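The values are calculated or read from the model by the stated rules, or taken from the named source; none is laboratory data. Because the structure is a prediction, the values reported are computed rather than measured. All Cβ positions, even for glycine, are placed from backbone atoms using ideal geometry, and neighbour counts span all protein chains on display. To get the accessible areas, we keep the full protein, side chains included, count just its heavy atoms, and leave off ligands, DNA and RNA. Shrake-Rupley method; radii C 1.70, N 1.55, O 1.52, S 1.80 Å.
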Amino acid sequence: QLGRYVVVALGTNGPISRDAYERIAATAGPDRTLVLVNAYAPRDWIPGVNSDITAFAAAHPGTVIADWASAIDPHVDYLAGDRIHPGTSCGQIYADTVLAAIRQSENQRAIDEYLTETRAYREASREEARIAQSGERCVEVYVAVRYGHQMTAEVIVRNSERVGESNAPSNGHSS
């Protein structure tokens, strides 16, 4: 069973088709974060592979890039003799690179949830102002924001009535 994050590192041995990336994303599904690790190697196809990874991630929400190429570039002496595969000193750099991508993804998710909540609040405030400007009196406005992977907001207006009209019971006295 797949976890919340699916980490995939491809491209060092050659270009990967867009269809392959699409199948990987479909397998990961919409409820997981797909972490694509870009490639680093002294091979002529690596810039194209990394460009494809960048384009794919940009077009697929929920997909982030772990920038292995930038992380290892200052430490190429940590690579194995082939200058491709991680040596014994690279494990921590690789893990930190993947973790940084996951943290970036979680930070972006939190920002998106905050912006969604803020928009919902503003919409509720505008509806309340509209009711006040239209001469209606709002007895109760309830804004419910549901948290989770998808956030929604709803405004429920109950017992609204026009100013000058009353449903209040009469006390029998005239004014």
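Observations, loosely collected:
- Restricting the calculation to Cα atoms, region 1-47 shows an Rg/Rh of 1.02 when the hydrodynamic-style radius is the Kirkwood one.
- Using a Förster distance of 30 Å, the FRET efficiency for residue 58-residue 80 (Cβ separation, nearest 0.05): 0.45
- Our estimate of slack between residue 20 and residue 110, defined as 0.36 nm per intervening residue step minus the Cα-Cα distance, is 29.5 nm.
- Largest to smallest in accessible area, the residues 27, 33 fall in the order 27, 33 (1.4 Å probe, all protein chains included).
- Note on region 1-138: antiparallel DSSP beta bridges, both residues inside, total approximately 10 percent of the bridges counted.
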